[in-house]
Amino acid sequence: MDKAALRKSARDRRAAAHGVVDPAPALANLEKVLGETEGRISFYWPIRTEIDPRPLLKKLCAHREVCLPVTTGFKPLIFRAWSPGAAMVADSFGVEVPADETEVIPEVLVVPLLAFDERGHRLGYGAGHYDRTLDKLRPEGPVTAVGFAYEAQLADTLPIEPTDQPLDAIVTETGIRRFQVTS
């Protein structure tokens, strides 16, 4: 199956889970994993049927620095600090991002995805934003990348490219999968 067909199948599975699967267990699992980390956390502002991390984003910003990613073409993501009530603007993809253009660097990234496998690989939308970002950040210091998804997004296998960056963990409503990532 080619990547376009895999993406369509993954989108359909995610859409079927969205609004049906209770996200509370996934959020509790994500909170547990993030509680084991240190440093600034990058969340994402959900689009389409992505599982919504915002309840935890709002909760954790009381005692952790949090930020959101911003796309800048086909380059690594940049990150801007976020807090409740922060002014937001739509980026070129229509995603809400902080209006304050001050850049920050996260040590932990909560990563959206279309599909994942049992080895810690993810299938994204195809632009390579998170792969480029992790490739840039990992050599600069410890970075933890946590995929956040519905269990329905699990795929038997995914095509892996040399530029694909594995995740350190994947969190769903059914549990936590951890992986040994070497930089």
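For chymotrypsin sites (Phe, Trp or Tyr not before Pro), the sites in segment 30-78 that DSSP calls loop and that have at most 10 other Cβ atoms within 10 Å are 74.
With helices as the sole contributors, the chain gives -7000 deg cm²/dmol at 222 nm; each DSSP H run of n ≥ 4 counts as -39500 (n - 2.57), and the sum is divided by every residue.
In a shell of Cβ-Cβ distance under 10 Å around residue 113, excluding residue 113 itself, what net charge do Lys and Arg (+1) and Asp and Glu (-1) give? Here the charged neighbours net out to +1.
Residues whose amide H comes within less than 5 Å of that of residue 114, counting only those at least five positions distant or on another chain, are 123, 124 (H built at 1.01 Å from N in the peptide plane). Among the lysines in the chain, how many pairs, 8 or more places apart or on different chains, have alpha carbons under 25 Å apart? Summing the qualifying lysine pairs gives 6. Couplings 3J(HN,Hα) for segment 155-168, derived from phi with the Karplus relation 6.51 cos²θ - 1.76 cosθ + 1.60 (θ = phi - 60°), are 10, 4, 9, 10, x, 10, 9, x, 8, 6, 9, x, 9, 7 Hz, where x marks Gly and Pro.
Computed from the Cβ-Cβ distance with R0 of 30 Å, the FRET efficiency linking residue 179 to residue 3 stands at 0.90. Of the chymotrypsin sites (Phe, Trp or Tyr not before Pro) found in segment 88-180, those that fall in a DSSP loop while having at most 16 other beta-carbon atoms within 10 Å are 93, 125, 179.
Panel order for 18, 129, 63, by other beta carbons found within 10 Å of each beta carbon, from fewest to most: 63, 18, 129. Footprinting exposure proxy ranking of 178, 13, 48, fewest other C-beta atoms within 10 angstrom first, gives 48, 178, 13. Working from label points 7 Å from Cα in the Cα-to-Cβ sense, the residue 157 to residue 59 distance is 3.8 nm.
Averaging the sequence gap over all C-alpha pairs within less than 8 Å and six or more residues apart, then dividing by the number of residues, gives the chain a relative contact order of 24 percent.
The slack in the chain from residue 136 to residue 20, taken as 0.36 nm per residue of separation less the alpha-carbon distance, amounts to 38.1 nm. Site pair residue 93 and residue 36 shows an inter-label distance of 2.7 nm when each label is modelled 7 Å from Cα along Cα→Cβ. Each principal axis of the Cα atoms in the chain has its own extent, and those three values, largest first, are 42, 35, 32 angstrom.
Every number here is computed from the coordinates shown, using simple stated rules; none is lab data. Bear in mind the structure is a predicted one, so any value in this text is a computation, not a measurement. A quick note on method: Cβ atoms are made from the backbone with ideal geometry, for glycine too, and the neighbour counts reach across all protein chains shown.
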